[in-house]
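Asks: Below is the structure I would like to discuss, written out as structure tokens.
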Amino acid sequence: MVYPSQDRRAAPGLSLVDIGTVREDRGWFIGLGVTFAVLGALAVFLPFAASLVTTIVIGWLMMVGGVLQAIHAVRNRRWASSTWAIVAGVIEVLAGVLVVAFPIAGTVTLTLILAAFFAAEGILKLIRAVQHRGLPAWGWLLFDGVVSLALGLLVLARWPSTAVWALGLLVGINLLFGGASMLLIGLGAGSAARARP
């Protein structure tokens, strides 16, 4: 069932997401949210492993997360935010490739790459949150964007000393919040659809 577009106006490129299109594919939102949350939980525990292994695994986790996000966006092209989700997925894959390709460059360089990635992804999530403001759980996506941006700026402000703890912890927190926001968007779309007359 396709729902009529909402009457609220948005800036060009920031049109509201149609709840009906999210509702139709909410299983993808829920599945992607759970996957990100699991990947995030794994990443939080990785700092206890050897630094080289941690660096390579984090890079692969980022690539997997970016590919899943891009696939999700491509499969749901009618979703108004799909273009921004593809951009975020490509950025995540590229950051992961750099991490895997240059693991010996050290955690200092890796931390700088991750900080820039978090800041960029935070901005993209804030844009997507504005597009989802018609959904009940859009505030979680906004919160996710604020957290990602704040983590990126925090690491950049205290770099290079943050290289000691930032790697696995920040990737894990980012994936956990990203997974939670996607999961809540999917669940919220179902609630919003049932509440319509």
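The values are calculated or read from the model by the stated rules, or taken from the named source; none is laboratory data. Predicted, not measured: the structure shown is a model, and the values here were computed from it. Using ideal geometry, Cβ is built from the backbone for each residue, glycine included, and neighbour counts are taken over all protein chains shown.
Asks: Among the residues of the stretch 64-77, are any charged (D, E, K, R) and without any contact (Cβ under 8 Å) to a residue 24 or more places away in the chain?
Replies: Yes, the stretch 64-77 contains a residue that is charged (D, E, K, R) and without any contact (Cβ under 8 Å) to a residue 24 or more places away in the chain.
Asks: Now for a separate question. Residue 122 fails exactly one of the following numbered conditions: (1) surrounded by 18 or more Cβ atoms within 10 Å (Cβ to Cβ); (2) farther than 24 Å from residue 161 by Cβ. What is the number of that condition?
Replies: Among (1) surrounded by 18 or more Cβ atoms within 10 Å (Cβ to Cβ); (2) farther than 24 Å from residue 161 by Cβ, residue 122 violates only (2).
Asks: Then there's this: Output the number of residues of the stretch 33-55 satisfying the condition of being modelled with pLDDT under 60, of a type outside the set (S, T, N, Q) and assigned to a helix (DSSP H, G or I).
Replies: 2
Asks: Could you grab the pairs with beta carbons closer than 6 Å, sequence gap of 6+ or different chains, first residue in the stretch 13-30 and in a loop (DSSP other than H, G, I, E, B), second one surrounded by 20 or more Cβ atoms within 10 Å (Cβ to Cβ) and modelled with pLDDT of 75 or more?
Replies: 14/131; 17/131; 17/132
Asks: As an exercise: evaluate residue 95 against (1) without any contact (Cβ under 8 Å) to a residue 40 or more places away in the chain; (2) surrounded by fewer than 17 Cβ atoms within 10 Å (Cβ to Cβ) and give the number of the one condition it does not meet.
Replies: If we test residue 95 against (1) without any contact (Cβ under 8 Å) to a residue 40 or more places away in the chain; (2) surrounded by fewer than 17 Cβ atoms within 10 Å (Cβ to Cβ), just (2) comes out false.
Asks: Being modelled with pLDDT under 80, surrounded by 19 or more Cβ atoms within 10 Å (Cβ to Cβ) and not β-branched (Val, Ile, Thr): is that true of residue 80 here?
Replies: Answer is yes for this residue.
Asks: Determine which member of the set 119, 193 is more than 16 Å from residue 85 (Cβ to Cβ) and at pLDDT 80 or above.
Replies: One residue alone meets the criteria, 119.
Asks: While we're here: Which residue out of 110, 183 is at pLDDT 80 or above and in a helix (DSSP H, G or I)?
Replies: Going through 110, 183 in turn, the sole match is 183.
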